[in-house]
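Okay, so here's the structure we're looking at.
Laboratory data are not the source of any read-out in this text; all were calculated from the coordinates shown. Predicted, not measured: the structure shown is a model, and the values here were computed from it. Cβ placement follows ideal geometry from the backbone for every residue including glycine, while neighbour counts extend to all protein chains displayed.
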Amino acid sequence: MLREDNLHAAFLSPISYAKDHPHYILIPEVAVSSEGNSNVICLYFRQNLKEIKTIAADLQNSSEMVLAKLVLAEKYSFSPTFVLAENDLENMLKKADAALIVGDYNLQLLQYQNKLDLVDEWSDMMELPYVHGIWATRENNLTSDEVNLIISSANYGAEHLTEISSIYSPKNSNEVIEFLSAFTYKLDENSKNGLIEFVRMAYYYNVIEDLPDFDFLHNNNIDPSKN
């Protein structure tokens, strides 16, 4: 919807941004990233990792599918086929040798032993965080006040995870706090490097057609008539 200019800004996955990057400008300072063992993006499998030939995944998780593809190819030297499925582990493992699960559903699967934490695998392989999403807009779509509001809202949210967790899931707020605390909510230099490296590798594996310039919003991209 951002591409058609139906939205002023949107939170995009790295692959969604990279595929349509000529239409977008990135909002500075804000992103969602994680590194290490975070239980955010996990690959569950039945028995032997090396025997995986198919992975069940939800189509909405395009960047996470690319992450799985890159990690398995680069670190484990095999390239399974993806099978589309709804985000339910039991049914996914009936359809494929492994299941790619993204998000807080992983909190319900902590007891499962046969799994790879793909963010941890990426961090180990690249020594960089994995960027889950970035804020993007189109040229002259936002005022400076609106840009500052997005940045300040992200900062406020990062500082109030306890309150957010109690609203989101009052009965399991401690688990939600732990899950949300696995993320970093600023786009610092380390996260930028992780984003650029991920997109570069996606290009190398022919996932995207060209490399984006990673243009960030500056004062000359803000519509002064809206201020």
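Using the charge dipole of segment 1-131 (Lys, Arg: +1 at Cβ; Asp, Glu: -1 at Cβ; taken about the Cα centre), state which of 80, 66, 42 has its Cα farthest towards the positive end. Toward the positive end, the furthest listed residue is 80. Note on 12, 93, 43: ascending count of other Cβ atoms within 10 Å places them as 93, 12, 43, the fewest first. Taking 0.692 mPa s as the viscosity and 37 °C as the temperature, the Stokes-Einstein diffusion coefficient of the chain based on its alpha-carbon Kirkwood radius rounds to 176 µm²/s. Looking at the chain alone, DSSP beta bridges between its own residues are antiparallel in about 75 percent of cases.
Nearest 500 deg cm²/dmol is fine: what mean residue ellipticity at 222 nm does the chain get from its DSSP H runs of n ≥ 4 alone, each adding -39,500 (n - 2.57), divided by its residue count? Dividing the helical sum by the residues of the chain leaves -11000 deg cm²/dmol. Under 26 Å of direct C-alpha separation, and excluding same-chain neighbours fewer than eight residues apart, residue 115 reaches these lysines: 50, 53, 69, 75, 94, 95. Here the ratio of the Cα radius of gyration of segment 80-135 to 2.2 N^0.38 Å is 1.28.
With the Cα gyration tensor of segment 41-126 giving a ≥ b ≥ c as the square roots of its eigenvalues, does the rule (a/c under 1.5 for rounded; else a/b larger than b/c for prolate; else oblate) give rounded, prolate or oblate?
Working: a/c = 1.32, a/b = 1.20, b/c = 1.10.
Judged from the Cα gyration tensor, segment 41-126 comes out rounded (a/c under 1.5).
Remark: relative contact order (segment 41-126) = 48 percent; criterion is Cα-Cα distance under 8 angstrom and separation of 6 or more residues. If both residues of a DSSP beta bridge must be in segment 41-126, then about 55% of such bridges are antiparallel. The charge dipole of the chain, taken about its Cα centre with unit charges on the Cβ of Lys, Arg, Asp and Glu (plus for the first two, minus for the last two), comes to roughly 660 debye.
Rank by packing, highest mean first: peptides 121-129, 107-115, with packing defined as the count of other Cβ atoms within 10 Å averaged across residues.
Numbers: 121-129: 18.8, 107-115: 11.8.
Packing proxy ranking, top to bottom: 121-129, 107-115.
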